[in-house]
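Report on the following structure.
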Amino acid sequence: MLAVLAACIYIADLVSKILVVEYIEGGEPVQVIGEYVQLRVIRNSGAAFSIGTGMTIVFTIIAAGVVIAILRTARNLRSLPWAITLGMLLGGAFGNLTDRVFRSPAPFQGHVVDFIQVFPATHFPIFNVADSSIVCGGILAVFLAWRGYQIDGTRHTGDEK
């Protein structure tokens with residue numbers, strides 16, 4: 001499940017970035033749902049919310065570390081909810097890592113393609129499929145940990161003494 005979900009997210013992220021760069025970048029934003037959702041291509045050298053702009057190499061190393069950590073953790077995985085969570089995190093991390101490694105301006109210093117803007121009037125940050133997957137996977141990880149679900153399939157309820 002982890003590998004299938006990660007691959008699906010990665011492919012969706014990669015294909016969507018190829019399409020928006022080819023057909024939307026450099027043009028006017030495309031309205032998708034009225035004034036609420038639009039496609040507007042930007043290149044982000046930083047992390048979420050453009051934090052750390054200019055530190056692309058650092059974020060490349062961090063993303064590679066996250067991918068390696070998830071792959072190592074997957075060996076002990078016996079929980080479907082955690083497989084889904086780690087699949088979302090892995091697909092998203094690998095999607096943005098691909099941009100950082102292969103996109104301009106240089107190898108391992110590439111800028112991530114962001115293109116989804118919700119509520120443009122509020123200046124909410126522009127994001128991509130990988131970012132969405134990482135955020136949703138992170139929220140699910142917090143929920144699973146809070147509810148006591150473990151990677152190995154067990155559940156700690158706090159009642160054990």
Average projected area of the Cα convex hull of segment 1-62, in nm²? 6.1 nm²
In order over segment 65-81: 3J(HN,Hα) from phi, Karplus 6.51/-1.76/1.60, θ = phi - 60°, whole Hz, x for each Gly or Pro, gives x, 5, 4, 5, 4, 5, 4, 5, 5, 4, 4, 9, 6, 9, 10, 4, x
Helix-only [θ]222 nm of the chain, DSSP H runs n ≥ 4, -39500 (n - 2.57) each, per residue, nearest 500: -17500 deg cm²/dmol
Taking the dipole of segment 12-99 about the Cα centre (Lys, Arg +1; Asp, Glu -1; charges at Cβ), the one of 51, 94, 36 that reaches farthest to the positive side is 94
Distance-filtered residues of segment 1-38 - backbone nitrogen under 17 Å, label point 7 angstrom along residue 118 Cα→Cβ: 31-38
Calculated FRET efficiency, residue 3 and residue 132, Cβ-Cβ r, R0 22 Å, to nearest 0.05? 0.65
Extension length gain for residue 28 and residue 53 (0.36 nm per residue less Cα distance), in nm, is 6.6 nm
Could you point to the residue in 63, 112, 142 farthest towards the positive end of segment 36-161's charge dipole, with +1 and -1 charges on the Cβ of Lys/Arg and Asp/Glu respectively? 63
Would you mind giving the average projected area, over all directions, of the Cα convex hull of segment 76-126 in nm² with one decimal? 5.4 nm²
With a Cα-only, solvent-free Debye model of the chain, what are the log10 I(q)/I(0) values at q = 0.15 Å⁻¹? -0.83
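Where a number appears in this text, it was derived from the coordinates with a stated rule and is not lab data. Bear in mind that the values here come from a model prediction, so they are computed numbers and not experimental data. All Cβ positions, even for glycine, are placed from backbone atoms using ideal geometry, and neighbour counts span all protein chains on display.
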